Every structure is written in C-alpha cells, then in structure tokens.
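Asks: Quick one: the structure is below, and I'll ask about it shortly.
The values are calculated or read from the model by the stated rules, or taken from the named source; none is laboratory data. This structure is a prediction, so every number in the text was calculated from the model and none was measured. Positions of Cβ are backbone-derived with ideal geometry, glycine not excepted, and every protein chain shown enters the neighbour counts.
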Amino acid sequence: MLLALAAAAVLNVGFKYTAAEGLSLSLQGIPIVQGSWFQYYAPGWTKGYYSSIYNPQTVTREADGSTVVVFRSGDGKVSGRHVYRPDQTGVTVDYEFAWHSEEPAMVELAAGMLWAPALTHGSIRIDGGEGRSLGKREFQGSGFERRTFGPTGSEFRFWAPVGEVVASSPQKSWVCFDGRGYNQSWAQNKDLFWFGSTGVPVAKDNPAKLSLRWSLTPGQARTASKDRVEIATEPREIEVAREVGKPLPLVPRPKYYEPRDGVLDLGQYPLIRVPQGDLQLGTEFTQTLYARWEPERPSRRGQQTVIEVVREDLKLPAGAYSIEVGPSGAKVRGQDDAGLIQAMRTLAKIAVPYEGRIGLPYCRIDDWPRLEWRGVHLFVGPQALDFHRMLVTRALAPLGFNKIVLQCERSDWLSTPGIQTSMTMPRRLLKAEFDYLRTRGIEPIPLIQSFGHMEWLFANGQNRELAFNPDVLYSVDPRKPATRHLLSALWDEAIELLEPTTIHFGLDEVDMRGWPEDPALVTELWGIQLPFLAEIAKRHGVHMMLWGDKGLAPGEAIDAALGDTPQDAAARRRAIPSNAMIADWHYKDD
C-alpha cells in the first residue's frame with residue numbers, strides 16, 4: 001500500500017476523457033484543460049453535420065493505457081478515431097477525421113479549453129515568438145480573430161506560477177484565443193482560453209490527420225524556492241447584495257404583493273389543512289421548501305403552525321390564488337386546482353431564515369397567470385428522469401410552468417427495434433416521467449420527429465429503406481407505404497403507453513440535409529405527410545402540435561423562417577389542420 005501511494009505521488013499530471021465533455025488535464029490537482037470537442041460543418045458555416053457534444057462516441061481504455069475514441073454519424077457521412085496516450089508528463093493525441101460524402105466539409109477541433117485563472121499571471125510564446133499578454137481585456141465585435149494571442153503555429157508554450165504548459169504539433173494550424181466574455185455558450189460565465197485548429201479540410205476517402213502533444217511541468221521544477229503558487233481569480237460583481245433574512249424576489253412577479261412586519265415561525269411539522277382528496281398540495285409545499293432549505297428542529301413545544309388551504313371563487317381568472325400570512329398562521333385560497341398548486345409553491349418560495357429556523361414573512365399576495373400555455377422543450381435520455389425531477393422541483397414548478405414538450409423518439413420502442421444507442425431512454429422510465437409530471441400539475445406532451453430530423457430512426461443502420469435519400473439518412477419519404485406503416489405503429493404505441501392529450505410531430509427543418517434545392521418538392525411531400533399525421537391525431541382523439549418554421553417565408557418572422565417562398569409557405573400552412581397548435585421556435589430574442 002505504501003509503495004502504491006508513493007508511486008501515485010510522483011504522477012503530477014491527471015488525465016481523463018469522457019464522451020461529450022472531452023479532455024481533462026490537471027497539474028498537481030490544479031485544472032488546466034477543462035474540456036474539448038470537435039464538429040464538422042459546411043464551408044461558411046452554412047450548415048452543421050456533426051458535433052461531438054450532441055452525438056454519441058465510444059470511449060474505451062486499452063490494455064496499454066491508451067484511451068480510444070471512435071465516432072460515426074447516423075447518416076454515415078462522418079467517422080473517425082482519436083487515440084490519447086497519457087504518461088507521467090502529459091498526453092499525446094492522434095486525431096483522424098474521415099468524411100464519406102461528396103459535399104464540401106471542414107472540421108473545427110477545440111483540442112483543449114485552458115483554464116485562464118491558472119495561466120493569467122504568466123506568458124505565452126508561439127513558435128518562439130512572444131504572444132500577447134494573457135491578462136484580461138475588453139474586445140469589440142463578436143469575431144474571435146481579435147481575441148487571438150498571436151498567429152497560428154505549431155508550438156504554444158505557457159509559463160505561469162503553476163508551471164509550464166506546452167502544446168506542440170507537427171502541424172502549424174493551431175491557434176489560441178481568449179474566450180473570456182465571448183458570445184458563445186461554452187464561454188458564458190467561464191474563464192477559458194480556446195486552443196485548437198479551425199477550418200481543417202476533409203474530403204471523401206481522404207481523412208484529415210492531426211497530432212498534438214500536451215506537456216505539463218510543475219512550477220516547483222523551475223523555481224525550487226517557491227512553496228506557493230497564485231491563481232488569478234476575479235470576483236463577479238454583484239450590483240446589490242440581498243440582506244440576509246429578506247425574501248428573494250418572486251418570479252413570476254405577482255400582480256399584488258404587500259409585505260408586512262413580522263415572521264411566522266414555520267416549525268418543523270406545520271399542520272397543512274387541505275381540501276378533501278388534495279394531499280398533493282401539501283407535497284408541493286414541502287418539496288419546494290426542502291429543495292431550498294434543510295428541515296429544522298421543532299421551534300416550540302406543543303404548538304403547531306397552521307396553513308389553511310381552501311378552494312373558493314375569488315372572482316379572478318383561472319389559475320388565480322391568494323396568500324395571507326400573519327401571526328395566527330397562513331391562509332391559502334385558490335380559484336381552482338392550478339391556482340392552489342401554484343399558491344403552495346409560492347408560499348414555500350417566500351420562506352426566509354428566522355432565528356436559526358425557517359419562517360414565512362407576513363404578507364398578502366394575489367396572483368394569476370398572464371399566459372395559459374407556459375411550457376419548455378426537453379429531451380430524454382437514460383438519466384433524464386432523475387435530472388428532470390430535480391429540474392421540475394427546483395425551477396420549472398416554482399416558476400409556474402404547466403407544460404413540458406418531451407422529445408422522446410430516442411426510447412426503446414417496441415415498434416422500432418434495433419435503434420437503441422447510449423442515448424436511449426427505457427420505456428418504463430419514460431412512462432414513469434409522464435406519470436410524475438402529471439402529479440406535479442404539468443401536462444407532458446410527447447414529441448416524436450415524424451418527417452425530418454430522423455437520424456434516431458436510422459441509428460445502427462436501421463430503416464434505411466424508409467429514407468428520402470439513402471445516402472443522407474435524415475428524412476423519411478412520405479410516399480412510401482412502409483413509412484406510414486411504421487409511424488402509425490409507433491404513434492399507436494406511444495399514445496397507448498403515455499396517454500397524452502396533445503402530441504407533437506416535430507416537422508421542423510424537414511429538408512435541411514440530403515434534399516435538392518426544390519421548394520416545390522418539399523411542399524408536395526409536406527402535403528402528403530400532414531394529412532397522414534393529422535389522421536393519427538384524429539384517430540386517437542388527441543390534439544396535434546408541430547413546429548412552424550416550414551410555414552414561414554423569409555421575412556415573415558425574425559428568424560427560423562424556412563418556408564422558402566411566400567407561395568410555398570402559404571401552401572404548407574393550408575395543409576395544416578385548423579385545430580392544430582403551431583409552436584414557433586426562434587433564436588433571436590428581439
């Protein structure tokens with residue numbers, strides 16, 4: 001045991017690779033590289049083909065200690081193999097990116113996201129030349145070119161108090177830029193330097209190959225007198241710090257809120273009196289409360305705080321509620337079930353620390369929803385149920401969401417055998433999630449893509465005969481009887497299992513990949529598929545829902561207007577049943 005510990009002590013470099021998150025490297029416990037990824041895209045970023053963040057990879061540890069990452073896209077266009085060979089001073093990586101299509105494509109490789117605080121007090125040299133200061137600065141514009149620390153090169157050498165970090169390669173296409181404050185999701189609220197290679201060309205049967213060596217040396221090796229190192233940290237500015245004991249701002253903001261002097265001691269076991277058969281109301285209160293606070297000891301012997309819950313006509317809109325907290329207890333009144341549920345969540349949200357315990361500040365609150373339909377769009381996966389339970393309890397339920405569109409085609413459906421991957425959610429867990437959401441007052445709406453975005457159906461080489469383009473496995477062909485047969489069986493199974501009142505067919509970006517530039521053809525097949533899907537909804541007596549981008553011509557919305565021409569967009573809208581719900585999606589927030 002002592003020998004094992006001693007051997008471990010000399011290993012200064014920590015290495016890990018996980019699918020989706022990528023590479024992690026540490027130096028004597030200090031994180032240096034915090035992730036990596038790659039993506040295939042069309043020149044000019046006109047479309048994306050594959051991203052390692054959103055698509056599965058197979059990661060295996062070999063007998064020689066190397067880690068091998070293998071990936072392949074569902075449409076067969078993308079494949080590759082990366083080999084990581086860690087040792088005591090770093091890791092050597094060999095990348096191979098293959099492309100199996102005549103379409104032009106390029107690769108962006110983010111080989112390592114460097115943790116800026118560990119390096120900020122240091123310097124960088126690129127191929128022997130001095131790079132720009134690593135200190136934080138402000139940048140104008142959204143491009144990354146202004147953010148680079150110097151030209152492209154083959155050797156990047158960082159010196160910092162924590163040690164020396166070297167990234168070296170036979171290729172000269174590498175670049176490093178400052179990601180702090182950058183307008184990309186990977187950079188938000190993070191202090192990172194982006195290191196990698198952009199615009200790597202790939203061609204059919206001519207894979208791109210790159211090699212990279214990460215070498216990490218502790219600072220003590222260069223300066224033996226140092227027994228401490230400094231990590232550059234920067235406090236996040238807070239405009240106004242909240243006074244301890246004051247309630248957080250209520251979100252959504254109630255129509256009427258009157259704070260009053262005093263706090264009701266909640267105690268450990270408050271007595272919640274609810275209408276007959278409405279025990280879930282007490283659960284809504286306690287789940288919301290104890291997601292934020294730990295249960296405390298009883299505050300007073302022989303005395304219980306009373307929360308009175310009643311349903312009555314408040315002469316207010318549906319979903320309305322009224323809360324009043326005072327010395328004698330709390331009274332909650334709700335216009336209907338939805339109002340009572342949200343009232344109990346709100347009551348828990350106003351809780352504050354009070355003399356070492358939990359208290360409810362004296363107040364009067366009246367509120368009702370501004371919108372009848374308040375939903376989010378989520379995805380399934382093998383760990384989704386536990387995560388969604390936490391998300392609902394901590395955020396979605398307290399915020400008043402009452403719908404969840406759950407994209408669930410990646411489940412182990414009996415009607416689609418052979419398509420299971422590491423992203424598949426078991427049917428029993430999917431059913432459990434739908435049941436759970438209903439107990440929380442949230443309507444679950446299943447979304448199964450039923451025209452485009454069908455990579456899930458073609459996983460593992462399955463169902464290729466249903467594809468509109470067998471060389472680009474993206475859309476099904478509505479003209480094929482086998483397509484209609486499979487989708488009918490799938491929706492029959494999903495509706496029987498999940499018992500929804502509304503179903504979502506997807507139908508966004510149906511011709512994004514593998515189609516000719518032929519809007520009239522898209523409109524023709526849209527006119528075949530929409531009545532077929534509408535009949536499924538009608539046969540089961542459920543409402544129909546779909547995305548609306550293919551029915552909006554450019555200029556008819558701020559973005560996501562993919563209807564090609566005003567005439568085609570109008571023809572596609574006419575094919576949508578009048579009772580269908582059209583959901584808009586947009587990226588711009590204006």
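Asks: Looking at the structure I just gave you, is Glu372 in contact with a Cys (Cβ under 9 Å, 6 or more places away or on another chain) and either assigned by TED's automatic domain parsing to the domain that holds Glu284 or of a type in the set (Asp, Glu) (or both)?
Replies: Spelling it out, it is not the case that Glu372 is in contact with a Cys (Cβ under 9 Å, 6 or more places away or on another chain) and either assigned by TED's automatic domain parsing to the domain that holds Glu284 or of a type in the set (Asp, Glu) (or both).
Asks: Condition first: among the small types (Gly, Ala, Ser) and surrounded by 22 or more Cβ atoms within 10 Å (Cβ to Cβ). Now tell me which residues in the stretch 386-419 satisfy that.
Replies: Within the stretch 386-419, Ala397, Ser411 meet the criteria.
Asks: Can you give me the number of residues within the stretch 480-529 that are of a type in the set (Lys, Arg) and surrounded by 15 or more Cβ atoms within 10 Å (Cβ to Cβ)?
Replies: Selection size over the stretch 480-529: 2.
Asks: Something else about it: Quick one: in the stretch 527-551, of everything that is in contact with a strand residue (DSSP E or B) (Cβ under 8 Å, 6 or more places away or on another chain) and among the small types (Gly, Ala, Ser), which residue is farthest from Val510 (Cα to Cα)?
Replies: Filtering the stretch 527-551 for residues that are in contact with a strand residue (DSSP E or B) (Cβ under 8 Å, 6 or more places away or on another chain) and among the small types (Gly, Ala, Ser), the one farthest from Val510 (Cα to Cα) comes out as Ala537.
Asks: Could you tell me whether any residue of the stretch 75-84 is of a type in the set (Phe, Trp, Tyr) and more than 24 Å from Val472 (Cβ to Cβ)?
Replies: yes
Asks: Here's another thing I want to ask about it. Could you tell me whether the stretch 305-326 includes any residue that is modelled with pLDDT under 90 and either surrounded by 14 or more Cβ atoms within 10 Å (Cβ to Cβ) or under 38 Å from the mean Cα position of the chain (by Cα) (or both)?
Replies: yes
Asks: Out of all the residues in the stretch 62-84, is one or more of a type in the set (Phe, Trp, Tyr), in contact (Cβ under 8 Å) with a residue 24 or more places away in the chain and either surrounded by fewer than 17 Cβ atoms within 10 Å (Cβ to Cβ) or closer than 26 Å to Lys16 by Cβ (or both)?
Replies: Yes: one or more hits.
Asks: Moving on. When the residues of the stretch 124-147 are filtered to those that are modelled with pLDDT of 90 or more and of a type in the set (D, E, K, R), which remaining residue is surrounded by the most Cβ atoms within 10 Å (Cβ to Cβ)?
Replies: Ranking the candidates gives Arg147 first.
Asks: Further question: Within the stretch 96-112, can one find any residue that is farther than 30 Å from Leu457 by Cα and either surrounded by 17 or more Cβ atoms within 10 Å (Cβ to Cβ) or in contact with a Gly (Cβ under 9 Å, 6 or more places away or on another chain) (or both)?
Replies: Scanning the stretch 96-112 turns up at least one residue that is farther than 30 Å from Leu457 by Cα and either surrounded by 17 or more Cβ atoms within 10 Å (Cβ to Cβ) or in contact with a Gly (Cβ under 9 Å, 6 or more places away or on another chain) (or both).
Asks: Can you tell which of Leu391, Leu396 is in contact with a strand residue (DSSP E or B) (Cβ under 9 Å, 6 or more places away or on another chain), under 16 Å from Ile341 (Cβ atoms) and of a type in the set (A, V, I, L, M)?
Replies: Exactly one of Leu391, Leu396 is in contact with a strand residue (DSSP E or B) (Cβ under 9 Å, 6 or more places away or on another chain), under 16 Å from Ile341 (Cβ atoms) and of a type in the set (A, V, I, L, M), namely Leu396.
Asks: Now, a different point. Which count do you get for residues in the stretch 28-50 that are assigned to a loop (DSSP other than H, G, I, E, B) and farther than 29 Å from Pro218 by Cα?
Replies: Counting residues in the stretch 28-50 that are assigned to a loop (DSSP other than H, G, I, E, B) and farther than 29 Å from Pro218 by Cα gives 3.
Asks: Considering Ala351, Ala384, Ala395, Ala338, which residue is over 25 Å from Thr502 (Cα atoms) and either touching an Asp or Glu at 6+ places or on another chain (Cβ under 8 Å) or among the hydrophobic types (A, V, I, L, M, F, W, C) (or both)?
Replies: Selected residue: Ala351, the only one of Ala351, Ala384, Ala395, Ala338 that is over 25 Å from Thr502 (Cα atoms) and either touching an Asp or Glu at 6+ places or on another chain (Cβ under 8 Å) or among the hydrophobic types (A, V, I, L, M, F, W, C) (or both).
Asks: State whether the residues of the stretch 444-466 include one that is crowded, with 20+ Cβ neighbours inside 10 Å, part of a loop (DSSP other than H, G, I, E, B), free of Cβ contacts under 8 Å to residues at least 24 places away in the same chain and under 26 Å from the mean Cα position of the chain (by Cα).
Replies: For the stretch 444-466, residues crowded, with 20+ Cβ neighbours inside 10 Å, part of a loop (DSSP other than H, G, I, E, B), free of Cβ contacts under 8 Å to residues at least 24 places away in the same chain and under 26 Å from the mean Cα position of the chain (by Cα): present.
Asks: What single numbered condition from (1) among the hydrophobic types (A, V, I, L, M, F, W, C); (2) buried (at least 19 other Cβ atoms within 10 Å of the Cβ); (3) touching a Lys or Arg at 6+ places or on another chain (Cβ under 7 Å) fails to hold for Met344?
Replies: Every listed condition holds for Met344 apart from (3).
Asks: While we're here: Looking at Tyr17, Tyr41, which one is under 30 Å from Thr421 (Cα atoms) and at pLDDT below 95?
Replies: Tyr41
Asks: Can you name the number of the only condition in (1) part of a loop (DSSP other than H, G, I, E, B); (2) surrounded by fewer than 14 Cβ atoms within 10 Å (Cβ to Cβ) that Ile53 fails?
Replies: (2)
Asks: Return yes or no: is Lys246 more than 30 Å from Gly112 (Cα to Cα), modelled with pLDDT of 95 or more and either exposed (fewer than 15 other Cβ atoms within 10 Å of the Cβ) or not assigned by TED's automatic domain parsing to the domain that holds Ile124 (or both)?
Replies: No: the conditions fail for Lys246.
Asks: Can you tell me which residue in the stretch 327-339 is farthest from the chain's Cα centre (by Cα), limited to those that are in a strand (DSSP E or B) and of a type outside the set (A, V, I, L, M)?
Replies: Gly329
Asks: Test of understanding: among Gln342, Gln304, which residue is assigned to a loop (DSSP other than H, G, I, E, B), touching a strand residue (DSSP E or B) at 6+ places or on another chain (Cβ under 7 Å), more than 30 Å from Gln449 (Cβ to Cβ) and touching a residue at least 24 places away in the same chain (Cβ under 8 Å)?
Replies: Criteria check complete, one pass: Gln304.
Asks: Let me ask another. Looking at Leu371, Leu360, Leu399, can you tell me which residue is within 30 Å of Asp265 (Cα to Cα) and either part of a loop (DSSP other than H, G, I, E, B) or touching a Lys or Arg at 6+ places or on another chain (Cβ under 8 Å) (or both)?
Replies: Leu399
Asks: In addition: If I ask for residues that are among the small types (Gly, Ala, Ser) and in a strand (DSSP E or B), which ones from the stretch 56-80 would you list?
Replies: Ser79, Gly80, listed by residue number.
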